[in-house]
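**Q** Here you go, one structure.
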Amino acid sequence: MTAQLHYGTPAKILHWLIVALLAVQYPIGWLMPDLHRGMTPGAAMTFHVSIGMTILVLTALRLAWRLTHPVAPESSLPAWQRLSSEAVHWLLYALVLTTTISGWLFASFRGWSVSFYLLPLPMLASDNVAAGRAIDGLHQASEWALLILIGIHVAAALAHIFVYRDGVMQRMLPR
Ligand code: HEM
Ligand code: HEM
């Protein structure tokens, strides 16, 4: 499949929608009440799960779109920037998927029945305390790894705007 030179409108809309949802999702994750044994999920947790599952669905769509509509890195970039930006982008996809799926598994191992907005969310596994503890560690590790990678990605975008002053940021903005 030949790679296009520009991101299309669906790729841009999905990119910025996921950015906005992540900006809400982290504060909810940090501010929602801590979990205790036997606790059932409250409104904040239902909101966290619903937004998280929306991020998962949109990322899966976006990945499918990306695989069927490949976009070449900006041709004026030096080889190291083309390679490193591709690596960061694929890692961002991978970490969003790990964070969301580990969250879903964690809720499942807790034996909860949670809803995706108003619909009951299918659970991936049954009640398992030990597996729940391990997967909680994975949710926290991947949520932090994702945040660090987002920091690197945003720093690179800022460097392109203010230091290199090239057209890279423009690639993700409406034309
Ligand atoms: C990319 C999407 C997501 C992000 C960025 C995210 C982020 C977070 C954050 C920051 C916390 C607080 C943990 C801490 O105190 O360090 C958290 C906890 C939690 N998240 Fe997510 N989450 C996401 C998706 C999901 C999904 C899809 C689910 C379930 C379907 C989920 C279920 C949970 C649960 C059950 C907790 C409580 C775990 C605990 O307090 O130990 N998360 N998440
Ligand atoms: C203010 C925050 C952000 C800015 C300014 C920004 C900017 C950009 C820009 C300019 C590109 C195009 C790069 C290129 O042409 O090679 C891009 C691509 C990308 N961004 Fe962001 N981004 C931001 C936040 C995020 C976040 C939070 C994620 C996390 C999921 C993310 C994931 C991606 C991915 C995966 C691509 C590659 C798209 C593809 O090739 O499919 N971005 N971003």
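**Q** Cβ-Cβ under 9 Å, sequence separation 6+ or interchain: first residue in segment 80-99 and away from ligand 1 (no atom under 16 Å from the Cβ), partner among the acidic types (Asp, Glu). Which pairs?
**A** GLN81/GLU74; ARG82/GLU74; SER85/GLU74
**Q** A further question on this structure: Which of the following residues is within 20 Å of the chain's Cα centre (by Cα), at pLDDT 90 or above, more than 9 Å from ligand 1 (Cβ to nearest atom) and part of a helix (DSSP H, G or I): ALA107, ALA145?
**A** Answer to the check: ALA145.
**Q** LEU91 fails exactly one of the following numbered conditions: (1) surrounded by 15 or more Cβ atoms within 10 Å (Cβ to Cβ); (2) near ligand 2 (Cβ under 8 Å from one of its atoms). What is the number of that condition?
**A** All conditions pass for LEU91, except number (2).
The values are calculated or read from the model by the stated rules, or taken from the named source; none is laboratory data. Note that the coordinates shown come from a computational prediction; the quantities given were computed from them, not determined experimentally. Glycine also receives a Cβ, built like all others from the backbone with ideal geometry; neighbour counts cover every protein chain displayed.
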